[in-house]
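Asks: After the structure tokens below, expect a handful of questions from me.
The values are calculated or read from the model by the stated rules, or taken from the named source; none is laboratory data. Note that this is a predicted model, so its numbers are computed, not measured. Cβ sites come from the backbone with ideal geometry, for glycine too, and all protein chains shown count toward neighbours.
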Amino acid sequence: MTTANSGVIEWECPSNIALIKYWGKKEGQIPMNPSLSFTLSESVTNLTMEYSYGRNQTFLTEFLFDGKPNPVFGRKIADYLLAITPILPALRHINLKINSVNTFPHSSGIASSASSFGALALALCSLENMVTGTEFNEVLFYKRASYLARLASGSACRSVFGGFVIWGLMDEVPGSGDEAAVPLTDIHREFRDIRDSILIVSSGTKAISSSKGHELMNRNPFASTRAFQAVNNLKRLITSLTNGELNDFIEIIETEALTLHAMMMTSSPGYFLIIPQTLEIIGKIRKFRADTGLPVGFTLDAGPNVHFIYPHPAEMDVRRFIEKDLTEYCENSRVIHDKIGRGPERKR
Ligand code: PMV
């Protein structure tokens with residue numbers, strides 16, 4: 001059995017952007033509908049976990065966010081660790097010090113929970129392997145990490161894989177399920193180097209959190225229609241990803257983005273997370289597409305910032321267009337140029 005009394009584990013895990021949106025959940029963090037995302041490469045969390053055997057049950061002795069104590073996040077992590085102890089009994093007498101650092105600012109409007117909980121789940125799986133001496137094969141290791149990440153934040157379960165990733169049961173996708181995500185293979189070359197330039201129109205805190213938004217879906221009159229639509233959109237998106245149909249792809253992802261926000265507006269109470277600049281940018285992107293014929297489009301997360309999605313060959317034209325016509329709508333002209341990535345990496 002491989003054991004060490006103390007040591008350090010370090011993982012880097014990227015965020016992801018959903019194209020088919022997870023919105024609404026059932027008991028036990030089970031999604032109301034399957035979702036699909038691609039994992040980013042620049043927007044990452046680097047998580048360092050120092051562990052040591054302790055005599056008592058204290059689990060999390062220190063939590064640093066960007067090198068500084070953060071009691072609010074620390075409490076959230078401590079609660080999560082407590083909740084998953086029955087699943088990871090081997091970690092009962094281990095004390096942890098965690099330092100979680102994002103390459104993107106906390107206030108940038110990029111979902112940091114996906115990358116940070118992805119990194120945490122991966123580190124916990126590495127620690128479990130070390131403590132128990134079990135060597136999971138790679139497939140099982142990532143499946144377990146995805147499962148653990150899901151329990152913290154649904155979208156995080158997709159971040160432990162690179163490329164395009166599906167979470168939620170789909171009969172058409174072998175190995176898919178509600179409890180953990182699976183990577184989608186067989187992607188046409190048109191999409192293998194896809195870009196996401198994130199136009200930051202506001203970095204403020206959201207008026208309604210994602211947890212509250214999911215909860216409001218329980219009473220949304222359109223919830224069952226939405227779940228049905230998501231499955232259909234996902235099937236169509238898989239076909240376009242396999243066959244390289246960029247125009248279908250763009251149409252589907254824009255419908256998904258607008259539906260996500262329509263669900264917010266039709267909740268009770270209804271609310272908006274988009275702001276006028278969001279709509280200005282969407283209008284300009286659609287006009288740019290009509291004028292140039294380039295297969296570009298947008299998606300939105302649960303916030304006002306616009307993810308400008310385009311294939312690699314369109315990059316020069318898109319960058320010029322962003323500089324000329326879109327940065328004026330962004331907060332401090334801020335744009336994060338990201339792209340599809342290979343997924344997380346263990347550093348130590
Ligand atoms: O993982 P959560 O609970 O933060 O929910 C995220 C939901 C969306 O980001 C809006 C969509 C998605 O599938 O990532």
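Asks: Say we look at the range 52-89 and pick out the residues that are within 19 Å of Ala149 (Cα to Cα) and aromatic (Phe, Trp, Tyr); which of these is modelled with the lowest pLDDT?
Replies: So, considering only residues that are within 19 Å of Ala149 (Cα to Cα) and aromatic (Phe, Trp, Tyr), the one modelled with the lowest pLDDT is Phe59.
Asks: Being within 18 Å of Gly175 (Cβ to Cβ) and either within 11 Å of the ligand (Cβ to nearest atom) or crowded, with 24+ Cβ neighbours inside 10 Å (or both) is the filter here; which residues of the range 23-32 pass it?
Replies: Across the range 23-32, the qualifying residue is only Pro31.
Asks: Please name all residue pairs, on different chains or six or more residues apart, with Cβ atoms under 6 Å, provided the first residue is in the range 198-218 and is more than 26 Å from Cys330 (Cβ to Cβ) and in contact (Cβ under 8 Å) with a residue 40 or more places away in the chain and the second residue is more than 11 Å from the ligand (Cβ to nearest atom) and not in a loop (DSSP other than H, G, I, E, B).
Replies: Met217/Ala223
Asks: If you take the residues in the range 1-22 that are of a type in the set (Val, Ile, Thr) and either free of Cβ contacts under 8 Å to residues at least 12 places away in the same chain or away from the ligand (no atom under 12 Å from the Cβ) (or both), which one is nearest to Thr259 (Cα to Cα)?
Replies: Once the filter is applied, the top-ranked residue is Ile9.
Asks: Something else about it: Quick one: how many residues across the range 286-303 are out of contact with any Pro (no Cβ under 9 Å at 6 or more places or on another chain) and within 21 Å of Ser37 (Cα to Cα)?
Replies: Residues flagged as out of contact with any Pro (no Cβ under 9 Å at 6 or more places or on another chain) and within 21 Å of Ser37 (Cα to Cα) within the range 286-303 amount to 7.
Asks: Continuing with this model, one more query. Sort out for me the helices (runs of 4 or more DSSP H) sitting completely within the range 241-348 that have 2 or more residues that are within 16 Å of the ligand (Cβ to nearest atom).
Replies: On the way: elements: 246-265, 276-292, 315-321.
It comes to 246-265.
Asks: For the range 152-196, name all the residues that are assigned to a loop (DSSP other than H, G, I, E, B) and basic (Lys, Arg).
Replies: Within the range 152-196, Arg192 is the sole residue that qualifies.
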